[in-house]
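Worksheet: the structure to be examined is printed underneath.
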Protein chains: 2
Amino acid sequence: MGDQVGQVVEGTLYYLPYTEFQRVRVLKLPREQRVAIFADMCRLNALYKIAYAGSGHIGSSFSSLDIISWLLMEEMNDDDIFFSSKGHDAPGYYAALIGMGKIDFDFIHKLRKIDGLPGHPDIGTPGIVTNTGSLGMGISKAKGMVFASRLGKRSGRVFVMTGDGEVQEGQFWESLVSAVNYGLHEITVIIDHNKLQSDTFDKNVSDLGDLEAKLHAFGWRVERCDGNNISAFAATLASLKGEPRPKVIIADTFKGKGVSFMEHTSLASDAAMYHFHSGAPDASSYQLAAQEIMSRLQQCMSDASASVLVFKTVEREATAPPSTKVQRLIPAYSRALLEQAKKHPNLVALDADLILDTGLIPFRDQFPNRFFECGIAEQDMVSIAGGMALKGLLPVVHSFACFLSARPNEQIYNNATEKTKIIYVGSLAGVVPGGPGHSHQAVRDISALAAMPGLEMIEPCCSEEVAQVLQYCVTEAVGSSYLRLVSIPCDIPYQLPPDYVLKPGHGVVLVEGVDVTIIGYGPVLLAQAWWAASMLRDIGISVRVVNLPWLNRVDSSWLESVLADCRHVITLDNHYLVGGQGEMLAAAMFGLPVTLTRLGLTDIPVCGSNNEVLHALGLDADGIAKVVIGCLDSK
Amino acid sequence: MGDQVGQVVEGTLYYLPYTEFQRVRVLKLPREQRVAIFADMCRLNALYKIAYAGSGHIGSSFSSLDIISWLLMEEMNDDDIFFSSKGHDAPGYYAALIGMGKIDFDFIHKLRKIDGLPGHPDIGTPGIVTNTGSLGMGISKAKGMVFASRLGKRSGRVFVMTGDGEVQEGQFWESLVSAVNYGLHEITVIIDHNKLQSDTFDKNVSDLGDLEAKLHAFGWRVERCDGNNISAFAATLASLKGEPRPKVIIADTFKGKGVSFMEHTSLASDAAMYHFHSGAPDASSYQLAAQEIMSRLQQCMSDASASVLVFKTVEREATAPPSTKVQRLIPAYSRALLEQAKKHPNLVALDADLILDTGLIPFRDQFPNRFFECGIAEQDMVSIAGGMALKGLLPVVHSFACFLSARPNEQIYNNATEKTKIIYVGSLAGVVPGGPGHSHQAVRDISALAAMPGLEMIEPCCSEEVAQVLQYCVTEAVGSSYLRLVSIPCDIPYQLPPDYVLKPGHGVVLVEGVDVTIIGYGPVLLAQAWWAASMLRDIGISVRVVNLPWLNRVDSSWLESVLADCRHVITLDNHYLVGGQGEMLAAAMFGLPVTLTRLGLTDIPVCGSNNEVLHALGLDADGIAKVVIGCLDSK
């Protein structure tokens, strides 16, 4: 922006209003040039949204925006459909939909907010045709749409964008076969080949090898082009007209395209971690990135002899100073895993492209030959672990709880039938973070794994308990276990008793009380229960809060003793009510002289900030306190 | 056998004793010739086992036996491992292991019997290194074994046999990538390319296209040979020595090899169904098949100047005449589906290579353009259904309950988050048939699907109720549903009341009684409960038996009314206790003044005949009656 707009100011966020999009969309320019400006405008607005929301996926939003913009502005007609199978490019796609007037402009301020734009696509949003966020399903869904169109004698093409890490999912390959056999020429897949997946370069995670050859061998028409060169992409698309086979374009792109220091080519080495996959840029990164995009935009407008763009601004909210009581369970897990690994040479760790999020970097660095990166291939990972366990290793298998419990569900069962010992560690467990949306909110994992014979499921409520739980899984548990881990930093107001020792099926009282007993697990809801108890104490109601880390077992004597003087019990599930700890406790408490109220989720969770989500579900301290009062009123 | 042994007699089963295997294994013959005789001897014994057991997989046992025999007799040393990923060739593999003296010979009479040889492999059997039966996991498991060997500085190769239909599973492709990246030369995959999958020709189910090119593109060393020509196979294996990449041999074989009318080339047309995939041959097919193998064997021995083989015989047990009360729910479902399809033009049906078993042939024949064969690709199938539902179709998705609930578990959840309407139909539900073993005994499906928001789960107890349940799913259910179907023919002693109408959350009394109320679902256990009630009536105990087809909902007023005069309740789950109907009822009955006893499975089910399995689990009439008496004693 240089002369025209001046220096981007720290602490200020910038975006382009809808009127500017309207103006640019009709600029008398070559189509490619107009689309390039539009795409960059969307980059600025996507960056704004992510900075304003505090999290979101910059890298793949930026890599894909040239392609998306061309499709929306120039290629597609009303019968055509576009969707992103990877889904985490949502901020970019939303920006384009907003720029095209398909989504109300005010939503620009509502990324990852309740009733706003979810972190991953949901059909509740205008312009979104299918829910994505769990990888590899896109081509299959496109096929279903085409079959439906054909039966209904409707025409229309389906453009599906996938990630390049995404093609590591077996379903991607599974879905290619019948597309050819049914001759589904309506489908064009665009692989946003930005060379990086969640953590780092594809080739270091799980090398795709000769991707073109693979796709060719599956019988698809394959083209390859520079996906950040709009002319090249447009020409490639044009060359596919009339092709009777399903088509795939490998679009070579730059992750973080459009901001020099966010582009993957800026990484110092092949081994470097990429910092702009998800999360929000810090203040200075934001400032530099906005400056670069805005300056380029103004230059482009000037080159096009168009008047300068006028930006709108919003002051960035000051971040609250971190509480001193904040605990992070993932680093605690990293430390605990190292401890166990030192003692147990047969312990190996497996990862599915989430080495950072699952806390495995220290382990990999210290035990490189005992670390197995499997790529985004959870089924393969779990069955590899099965083979390892049969041969005497103790595999510890990592992914987000939502994926780990569901994607390889059958493979976990197969392992269970062999009665070997495997530790499954599911992080990002529970309904918060609420920003990524329902594809990532793991509130079904306990249920999905509940009937695995011999599987013990445990969720620690604080850093200290993490180490004890892992110790139990490694050294005491006879069979396999599922360690459920909350990933968000938690402000934890309680402390375990100094002499606390984890004991199978037993819980521990965090707050003493006599009127109502709340039983739950994990830091998110136990903290809310603690605050509820604290609030209620002020109005003379005495609430006992009990941490029961055991998700699928309870010692009946302990349960009877802890409820001996109690008439009202509330269970708290950071999970759907169905299949949660509360349901297990209901069966265990059958016949005891208590009332039982079970709190948890009953429907697909909303997306939003953590506080918004807990409040909407009635699972924040206020909500819990109200239920306590209700219990006592109805006695 | 002609002159030497005479005519094979109807009603007699033939097998070769271990002493004959000992003799043949040391015959002074060229290795290939000796192995060929051994393989044919195993064919005869596999045929015996299947005929004696009453079920088993002939086709792929026969196609793979030349390969397996060569590996066991000539190729493998003590450090090497072989397993079959497809697993349904178990009768053939067991025959070879028995012939090699690795499994006690007496087990030849115990296929699919309790404490015998399971229908699919289990590591409880000597010589079996991993559990298989759910497809596509083999290469992943082999990788895990190799990683473990490398860490332990152990050597040894892993030979994995897969089916050719099996390669339709995404996990197969998912598993190829890291094998190349890690250079796992220890692994040799042998694809038993017998051209047919469960129902018919691969190419008609889901054409594999150029399989060699695909495998090449994934970076594996690929060879192809005649897998029923032992010399060719041996030479191919030899050519792979020293290859640094993982290796795959496409072994072209004949499904049913060794019995002319069982070989797939005998099928009248490409569209014909193959009759020897699973099940048992009828008396005349057995007689002809045995005759052909035995005659050839004697000819081979004669050619080898060896003395004739001496067979042992067993009289085939007379089959009990079918009961007049037998009901088959799958044909009832076929009829009901046709009825609904006629009324609802948007109804489409999807199948994953189980068109016969899931009762879809009538639908396919009558509505060919509304039938979608997806191959063994459950994830793809379910996401296709998701795409269809988004575009206005009503997809009805079919597979066995064990696979449908687990393999595409994440895909079903993704569809659920879109709140579209899809009907999932899981057949082969429950613990019986007990013969196929735990990979096929669907006793975890209710639990695995329990927390899918909006999914109603229903299991009909008789043919008549099947139609009502499907009618409900199609026309009344707001959202998606899971129709759980028992596949075995059931002797059903009860009748629904003449005016019975399925009502959400409501059950129906099948037998009146006052002392104890048994609540259950489905024909298998309700029939046992009925017989238990009948036995107990004779000793003065009055048992009420209630059919509650709703697996995850119950109307609380109905429940209270049906239990109004009741002090003891027993729930019956044809499923693990965890996540079954009983657990749901426990939560619903909380606070009611009754005792509750929940019957169902607590551990991985045994394999065996249906009666054996139900008895072992205490879920037959005797077992249920004992629990009733126990309830009354403890009051």
Scanning region B:583-594 residue by residue, the ones that are under 30 Å from the mean Cα position of the chain (by Cα) and either open to solvent by 10 Å² or more (accessible area, probe 1.4 Å) or without any contact (Cβ under 8 Å) to a residue 24 or more places away in the chain (or both) total 2
Among the listed residues B:Val569, B:Val554, B:Val545, which satisfies the condition of being buried (at least 18 other Cβ atoms within 10 Å of the Cβ), in a loop (DSSP other than H, G, I, E, B) and at pLDDT 95 or above? B:Val554
Looking at region A:464-484 only, could you name the residues that are away from chain B (no Cβ under 14 Å) and either closer than 22 Å to A:Gln411 by Cβ or open to solvent by 30 Å² or more (accessible area, probe 1.4 Å) (or both)? A:Glu464, A:Ala467, A:Gln468, A:Gln471, A:Cys473, A:Val474, A:Thr475, A:Glu476, A:Ala477, A:Ser481, A:Leu483, A:Arg484
Taking the conditions exactly as written (assigned to a helix (DSSP H, G or I), of a type in the set (Gly, Ala, Ser) and either at pLDDT 95 or above or in contact with a Ser or Thr (Cβ under 7 Å, 6 or more places away or on another chain) (or both)), does A:Ala349 satisfy them or not? no
Take the conditions modelled with pLDDT of 95 or more, open to solvent by 20 Å² or more (accessible area, probe 1.4 Å) and within 26 Å of the chain's Cα centre (by Cα) and apply them to A:Ile384. Does it pass? no
Does B:Asn229 satisfy being in contact (Cβ under 8 Å) with a residue 12 or more places away in the chain and surrounded by fewer than 17 Cβ atoms within 10 Å (Cβ to Cβ)? no
Only one of B:Arg150, B:Arg154, B:Arg245 that is within 14 Å of chain A (Cβ to nearest Cβ), in a helix (DSSP H, G or I), more than 30 Å from B:Leu44 (Cβ to Cβ) and touching a helix residue (DSSP H, G or I) at 6+ places or on another chain (Cβ under 9 Å): B:Arg150
Among B:Ala616, B:Ala564, which is at pLDDT 95 or above and open to solvent by 40 Å² or more (accessible area, probe 1.4 Å)? B:Ala616
Failed criterion for B:Tyr94 (all others in (1) free of Cβ contacts under 8 Å to residues at least 60 places away in the same chain; (2) closer than 22 Å to B:Met273 by Cβ hold): (2)
With (1) within 9 Å of chain A (Cβ to nearest Cβ); (2) in contact with a Pro (Cβ under 8 Å, 6 or more places away or on another chain) as the list, and B:Val189 as the residue in question, which single condition is left unmet? (1)
Being closer than 20 Å to B:Pro498 by Cα, small (Gly, Ala, Ser) and not in a helix (DSSP H, G or I) is the filter here; which residues of region B:521-542 pass it? B:Gly522
Would you be able to say whether some residue in region A:105-114 is outside any helix (DSSP H, G or I), in contact with a strand residue (DSSP E or B) (Cβ under 6 Å, 6 or more places away or on another chain) and open to solvent by 10 Å² or more (accessible area, probe 1.4 Å)? yes
When residues of region B:405-417 are limited to those that are open to solvent by less than 10 Å² (accessible area, probe 1.4 Å) and more than 7 Å from every other protein chain (Cβ to nearest Cβ), the one farthest from the chain's Cα centre (by Cα): B:Asn415
Filter result (modelled with pLDDT of 95 or more and within 20 Å of B:His88 (Cβ to Cβ)) within region B:182-210: B:Val189, B:Ile190, B:Ile191, B:Asp192, B:His193
I need every pair where a residue in region B:199-224 that is at the interface with chain A (Cβ under 7 Å from one of its Cβ atoms) has its Cβ under 7 Å from the Cβ of a residue that is surrounded by fewer than 19 Cβ atoms within 10 Å (Cβ to Cβ) and among the hydrophobic types (A, V, I, L, M, F, W, C), sequence separation at least 6 or different chains. B:Gly209/A:Val180; B:Ala217/A:Ala213; B:Phe218/B:Val180; B:Gly219/B:Val180
Out of A:Arg598, A:Arg553, report the one residue that is touching a helix residue (DSSP H, G or I) at 6+ places or on another chain (Cβ under 6 Å) and farther than 25 Å from A:Gly124 by Cβ. A:Arg598
Hand me the list of helices (runs of 4 or more DSSP H) wholly inside region A:1-89 holding 1 or more residues that are open to solvent by 10 Å² or more (accessible area, probe 1.4 Å) and closer than 23 Å to A:Ser284 by Cα. A:2-5, A:31-53
Without any contact (Cβ under 8 Å) to a residue 12 or more places away in the chain, hydrophobic (A, V, I, L, M, F, W, C), open to solvent by 10 Å² or more (accessible area, probe 1.4 Å) and part of a loop (DSSP other than H, G, I, E, B): is that true of A:Ile123 in this structure? yes
Criterion violated by B:Pro331 - all others in (1) in contact with a Gly (Cβ under 8 Å, 6 or more places away or on another chain); (2) closer than 20 Å to B:Thr475 by Cα; (3) surrounded by fewer than 24 Cβ atoms within 10 Å (Cβ to Cβ) satisfied: (2)
Of B:Val545, B:Val524, which residue is closer than 21 Å to B:Ser487 by Cβ and either of a type in the set (Val, Ile, Thr) or in contact with a Pro (Cβ under 7 Å, 6 or more places away or on another chain) (or both)? B:Val524
Just need a number here: residues in region A:360-380 that are within 19 Å of the chain's Cα centre (by Cα), within 11 Å of another protein chain (Cβ to nearest Cβ) and not charged (D, E, K, R). 5
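Here is a yes/no grid of residues against (1) part of a helix (DSSP H, G or I); (2) touching a Pro at 6+ places or on another chain (Cβ under 6 Å); (3) more than 11 Å from every other protein chain (Cβ to nearest Cβ):
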| residue | (1), (2), (3) |
| --- | --- |
| A:Lys342 | yes, no, yes |
| A:Thr358 | no, no, yes |
| A:Met388 | yes, yes, no |
| A:Phe403 | yes, no, no |
| A:Lys419 | no, no, no |
| A:Tyr424 | no, no, yes |
Picking from A:Ile422, A:Ile361, which residue would you name as being in contact (Cβ under 8 Å) with a residue 12 or more places away in the chain, of a type in the set (Val, Ile, Thr) and touching a helix residue (DSSP H, G or I) at 6+ places or on another chain (Cβ under 7 Å)? A:Ile422
Being over 27 Å from A:His277 (Cβ atoms) and part of a helix (DSSP H, G or I): is that true of A:Val205 here? no
Please enumerate the residues belonging to region A:436-462 that are of a type in the set (Gly, Ala, Ser) and open to solvent by less than 10 Å² (accessible area, probe 1.4 Å). A:Gly437, A:Ala442, A:Ser447, A:Ala448, A:Ala451
Restricting attention to region B:390-401, and to residues there that are more than 8 Å from chain A (Cβ to nearest Cβ), surrounded by 24 or more Cβ atoms within 10 Å (Cβ to Cβ) and assigned to a strand (DSSP E or B), which single residue is farthest from the chain's Cα centre (by Cα)? B:Val396
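The values are calculated or read from the model by the stated rules, or taken from the named source; none is laboratory data. What you see is a predicted model, and the numbers here were worked out from it, not measured in a lab. Neighbour counts run over all protein chains shown; Cβ positions are idealised from the backbone, glycine included. Heads up: the accessible areas ignore ligands, DNA and RNA and are worked out on the full protein's heavy atoms, side chains in. Shrake-Rupley method; radii C 1.70, N 1.55, O 1.52, S 1.80 Å.
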